[in-house]
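Heads up: the structure comes next, in structure tokens.
We did not get these values from a lab; they are worked out from the coordinates using the rules stated. Note that the structure is predicted; figures quoted are calculated from it, not measured. Every residue, glycine among them, receives a Cβ derived from its backbone with ideal geometry; neighbour counts consider all protein chains shown.
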Amino acid sequence: MKNVLFIAPPAAGKGTQSDMLVKNYGYVHISTGDLLRNVDINTDLGKRIREIQASGHLVEDEIVFRLLEDKLKSIKGNHFLLDGCVRNVKQASMLEDLLSKLDVKLDAVIVLDVPYDVLLKRAIGRISCPRCKSIYNKFFKKPIKVDVCDNCNEKLVSRNDDNEEAFKVRYQTYLENATPLMDFYDKLNKLIKVDGTKDTDKKISETIKND
Ligand code: AMP
């Protein structure tokens with residue numbers, strides 16, 4: 001097994017793949033967004049973090065890495081899947097420093113490769129059930145009745161950022177940050193590109209087991 005970090009464009013299926021690794025291999029899923037959201041809102045730090053998160057800007061590196069260090073220490077050598085960190089090359093080198101201090105290795109940086117037109121359809125077609133959280137897609141995974149959840153008959157909804165205009169912005173932001181990050185990890189020989197459109201579970205499983 002390997003310690004893994006994902007780099008993936010919006011709507012590439014990172015959530016689905018993370019769930020698969022947790023369920024099938026017992027990975028610890030570490031999301032820095034969640035670590036930040038879990039800081040008590042009744043503290044000054046918690047309030048500050050919520051404000052920054054609501055604005056869509058990045059929280060200071062020092063805060064993120066303090067939480068990340070505590071979390072990595074607490075999982076005591078279990079394999080992890082890092083999500084939401086790193087956001088840029090500065091964080092990537094901070095992560096290298098932190099992991100070497102803790103004597104932990106990041107083995108693989110998996111890039112989910114999905115063509116733009118497929119991502120766009122996945123995003124604008126995505127509808128989900130507000131009650132049971134089931135996810136459907138108007139193009140690829142239609143519910144039996146239009147816009148109604150198969151499990152609980154609830155009306156299905158779209159995320160407010162899953163429209164074409166917002167998707168283009170999110171994709172552009174991803175590209176700007178991801179390209180230098182991929183170069184960074186490619187130089188460290190950690191970059192593994194996986195086709196995110198077919199046999200993705202199987203290819204990721206092979207990748208993490210292959211030492
Ligand atoms: P996410 O859950 O990954 O979508 O992140 C939600 C928000 O948490 C981001 O918009 C940032 O405000 C903050 N955040 C999450 N991860 C990081 C990180 N690695 N560095 C800085 N801010 C982060």
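Report the extension gain between LYS47 and LYS187 in nm, rounded to one decimal, defined as 0.36 nm multiplied by the number of residues separating them, less their alpha carbon distance. Show your work: numbers first, answer last.
Details: separation 140, 0.36 × 140 = 50.40 nm, distance 3.86 nm.
Answer, rounded to one decimal: 46.5 nm.
Can you compute the charge dipole magnitude of the chain about its Cα centre, using +1 on each Lys and Arg Cβ and -1 on each Asp and Glu Cβ, nothing else charged? Give it in debye, rounded to the nearest 20.
On the way: 35 positive and 32 negative charges, 138 e Å.
Once rounded to the nearest 20, the dipole reads 660 debye.
Past 22 Å, Cα to Cα, is the threshold; run LYS133/LYS198; LYS23/LYS145; LYS121/LYS168; LYS101/LYS203; LYS14/LYS193 against it and keep the listed order.
Working: LYS133/LYS198 24 Å; LYS23/LYS145 30 Å; LYS121/LYS168 12 Å; LYS101/LYS203 31 Å; LYS14/LYS193 13 Å.
Over 22 Å apart, Cα to Cα: LYS133/LYS198; LYS23/LYS145; LYS101/LYS203.
For the pair ASN163 and LYS90, how long in nm is the line joining their label points, each one 7 Å along Cα→Cβ?
Roughly 3.3 nm, to one decimal.
Taking Cα pairs under 8 Å and at least six residues apart, what relative contact order does the chain come out at, in percent?
29
Which listed residue (CYS152, PHE139, GLY56) has the Cα farthest towards the positive end of the charge dipole for the range 19-163, taking +1 on Lys and Arg C-beta and -1 on Asp and Glu C-beta about the Cα centre?
About the Cα centre, the residue reaching furthest to the positive side is CYS152.
How high is the FRET efficiency between GLU69 and LYS142 when r is their beta carbon distance and R₀ equals 45 Å, given to the nearest 0.05?
On the way: r = 44 Å, r/R0 = 0.99.
For GLU69 and LYS142, the calculated efficiency is 0.50.
Please find, in a Gaussian network model of the chain (springs between Cα atoms separated by less than 10 Å), the residue of LEU102, LEU36, LEU119 whose mean-square fluctuation is greatest.
LEU102
How much net charge surrounds ASN151 when only the other residues with a Cβ under 15 Å from the Cβ of ASN151 are counted, with Lys and Arg +1 and Asp and Glu -1? Numbers along the way, then the final one.
Details: positive: ARG131, LYS133, LYS141, LYS142, LYS145, LYS155; negative: ASP147, ASP150, GLU154.
Taking every other residue near ASN151 into account, the sum is +3.
What residues from the range 150-172 fall in the zone where the backbone N is under 16 Å from a label point 7 Å along the Cα-to-C-beta line of LYS133?
151-152, 157, 159
If you add up the charges near ASP195, with Lys and Arg at +1 and Asp and Glu at -1, over every other residue whose beta carbon is less than 9 angstrom from its beta carbon, what do you get?
On the way: positive: LYS193, LYS198, LYS203; negative: ASP113, ASP199.
My count for the surroundings of ASP195 gives +1.
Need one number: nm distance between label points at GLU60 and HIS29, each 7 Å from Cα along Cα→Cβ, rounded to one decimal.
Between GLU60 and HIS29, the label points sit 3.0 nm apart.
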